[in-house]
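Written out below as structure tokens is the structure these notes cover.
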Amino acid sequence: MSVILEASWTCFRGSRLSCWVGSCGVAIGSDQSSLIPQDTDMLRAWQQSVKDMPVMSGLRKQPHLKRPLWIIVLVTFVIIFLITAYVFPLSSSAACYIFSSGDCSLYRQPSFRSRELTDEEKISHVVIREILNAPPTQSKNSKIAFLYLTPGTLPFEPLWDMFFRRLLRRNYPMQVAWGKISMVDAEKRLLAHALLDPNNQQFVLLSDSCVPLHNFDYVYNYLIHTNVSFLDGFVDLGPHGTGRYSERMMPEIERAAFMKGSQWFSMKRQHAIIVMADSLYYTKFRLYCKPNFEGRSCYADEHYLPTFLNMIDPGGIANRSVTYVDWSEGKWHPRSFRAQDITFEFLKNLASTDEVIHFTSDPKRRVIIGPCLWNNVKRPCYLFARKFYPETLNRMLIDFSNYTTV
């Protein structure tokens with residue numbers, strides 16, 4: 001069963017973030033004083049001694065800048081460079097390798113062989129290009145559509161009531177099988193209904209075990225005032241990543257383009273429309289990414305959207321989710337949180353985390369770490385978190401007002 005909840009909020013306050021990088025200029029002056037000999041004989045003797053001095057051959061030309069000034073200029077340049085890198089951290093691979101101690105595979109862009117596109121690809125690319133080039137829909141009342149995939153009622157409904165302050169509910173039931181393409185179908189159905197409202201500009205997919213980590217104002221400003229989709233995606237060369245790839249997806253989807261990520265996204269309207277329009281790439285995953293296919297199990301909800309959207313608009317994807325999930329235990333399912341896990345400090349740590357962590361499934365089980373960027377500025381990663389047992393509700397209700405305002 002699937003439930004869609006929509007919440008609207010109009011923000012009249014404009015905000016601007018200005019980052020100033022100051023450089024220090026150093027002025028070096030010299031005070032010249034005249035040498036006036038008081039004794040004429042001493043002056044003549046001094047002049048004669050200068051004439052008698054041997055001339056040294058091979059004298060080197062003095063540099064234009066004195067050594068102390070070179071040092072000052074060099075140190076100033078290094079300081080400016082470091083300050084700029086800190087205030088404006090880059091998402092490129094070069095910046096990652098310079099400033100990050102973790103694995104930078106997250107930033108490697110897939111490479112594709114040059115080839116002639118099929119007729120189906122050309123048709124698809126024309127439609128996608130037109131959607132991406134179209135100006136964004138202008139709305140004086142921009143809203144966020146919250147889409148919930150849940151088998152029944154929301155166990156955290158009282159908490160979401162507190163979050164929204166008011167709740168608008170519409171139910172769209174359908175049969176969904178875990179790990180199959182029907183999970184993607186459910187997501188697309190929720191998106192389709194939410195797209196009917198032209199004021200909906202961002203679409204957040206959540207589960208019944210999700211909880212908010214910030215208040216609604218913070219979440220609204222975080223999502224509305226950026227122009228990317230927060231869709232998780234990274235390259236996993238292990239059996240649970242590219243090991244699930246089928247050569248039958250060729251030529252449209254190459255192995256190098258096959259990505260993995262969490263299904264819980266926040267998607268901008270342009271990308272949601274593209275997902276609705278796509279048939280070519282969706283069909284590839286429907287036919288060749290499913291459990292127990294050709295001796296391997298592929299799960300479309302973990303691969304379709306990360307692969308597809310990174311192929312057609314890599315610059316418009318943040319390659320991270322705004323929903324926290326703990327995969328550190330290395331099991332088939334992420335860690336679930338009980339009532340004893342819920343403390344004020346625990347929730348504040350989740351809300352303030354500013355680095356995203358991915359774990360690969362290869363034998364080395366590499367840890368991929370990257371900064372969370374919001375409009376090219378490092379910011380907290382997560383607006384929501386999962387998986388929480390219903391028994392945590394009372395504790396969450398007690399702490400919600402505190403950890404979302406501090």
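The values are calculated or read from the model by the stated rules, or taken from the named source; none is laboratory data. Note that the structure is predicted; figures quoted are calculated from it, not measured. Here the Cβ positions follow ideal geometry from the backbone for every residue, glycine too, while neighbour counts run over all protein chains shown. In case anyone asks, the SASA skips ligands and DNA or RNA and just uses the protein heavy atoms, side chains included. Shrake-Rupley method; radii C 1.70, N 1.55, O 1.52, S 1.80 Å.
Could you check how many residues of segment 186-209 are part of a helix (DSSP H, G or I) and either over 19 Å from Ser321 (Cβ atoms) or in contact with a strand residue (DSSP E or B) (Cβ under 9 Å, 6 or more places away or on another chain) (or both)? Qualifying residue count for the region: 9.
Here segment 130-173 is the region considered, the condition is being within 25 Å of Gln270 (Cβ to Cβ) and out of contact with any helix residue (DSSP H, G or I) (no Cβ under 9 Å at 6 or more places or on another chain), and the residue that is most open to solvent (accessible area, probe 1.4 Å) is Lys140. Of everything in segment 216-266, what is open to solvent by less than 30 Å² (accessible area, probe 1.4 Å) and small (Gly, Ala, Ser)? Give them in sequence order. If the condition is that a residue be open to solvent by less than 30 Å² (accessible area, probe 1.4 Å) and small (Gly, Ala, Ser), then Ser229, Gly233, Gly238, Gly241, Ser246, Ala257, Gly261, Ser262, Ser266 are the ones that fit.
Answer yes if at least one residue in segment 343-363 is closer than 30 Å to Leu280 by Cα and among the hydroxyl-bearing types (Ser, Thr, Tyr), and no otherwise. Checked segment 343-363: at least one residue is closer than 30 Å to Leu280 by Cα and among the hydroxyl-bearing types (Ser, Thr, Tyr).
For segment 111-129, taking the residues that are of a type in the set (S, T, N, Q) and part of a loop (DSSP other than H, G, I, E, B), the one that is least open to solvent (accessible area, probe 1.4 Å) is identified as Thr118. Considering only segment 272-311, state which residues are open to solvent by less than 30 Å² (accessible area, probe 1.4 Å) and closer than 17 Å to Phe230 by Cβ. Within segment 272-311, Ala272, Ile274, Val275, Asp301, Tyr304, Leu305, Pro306, Thr307, Phe308, Leu309, Asn310 qualify. In segment 141-178, the residue that is farthest from Ile398 (Cα to Cα) out of those that are in contact (Cβ under 8 Å) with a residue 24 or more places away in the chain and part of a helix (DSSP H, G or I) is Phe164. Taken as a whole, the structure leaves Tyr403 outside the set of residues that are within 15 Å of Val211 (Cα to Cα) and at pLDDT 90 or above.
Right, Tyr86: aromatic (Phe, Trp, Tyr) and modelled with pLDDT under 90 or not? Judged against the criteria, Tyr86 is a match. Cβ-Cβ below 6 Å, separation at least six or inter-chain, first residue in segment 262-281 and without any contact (Cβ under 8 Å) to a residue 40 or more places away in the chain, second assigned to a helix (DSSP H, G or I) and basic (Lys, Arg): which pairs? Pairs that qualify, where the first residue is without any contact (Cβ under 8 Å) to a residue 40 or more places away in the chain and the partner is assigned to a helix (DSSP H, G or I) and basic (Lys, Arg): there are none.
For (1) in a strand (DSSP E or B); (2) among the basic types (Lys, Arg); (3) surrounded by 14 or more Cβ atoms within 10 Å (Cβ to Cβ), each residue gets a yes or a no:
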position: Lys348; (1), (2), (3): no, yes, yes
position: Ala351; (1), (2), (3): no, no, yes
position: Pro363; (1), (2), (3): no, no, no
position: Gly370; (1), (2), (3): yes, no, yes
position: Cys381; (1), (2), (3): no, no, yes
position: Glu391; (1), (2), (3): no, no, no
position: Asn394; (1), (2), (3): no, no, no
position: Asn402; (1), (2), (3): no, no, no
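Looking only at residues in segment 320-346 that are of a type outside the set (A, V, I, L, M, F, W, C) and part of a helix (DSSP H, G or I), the one that is least open to solvent (accessible area, probe 1.4 Å) is Asp341.
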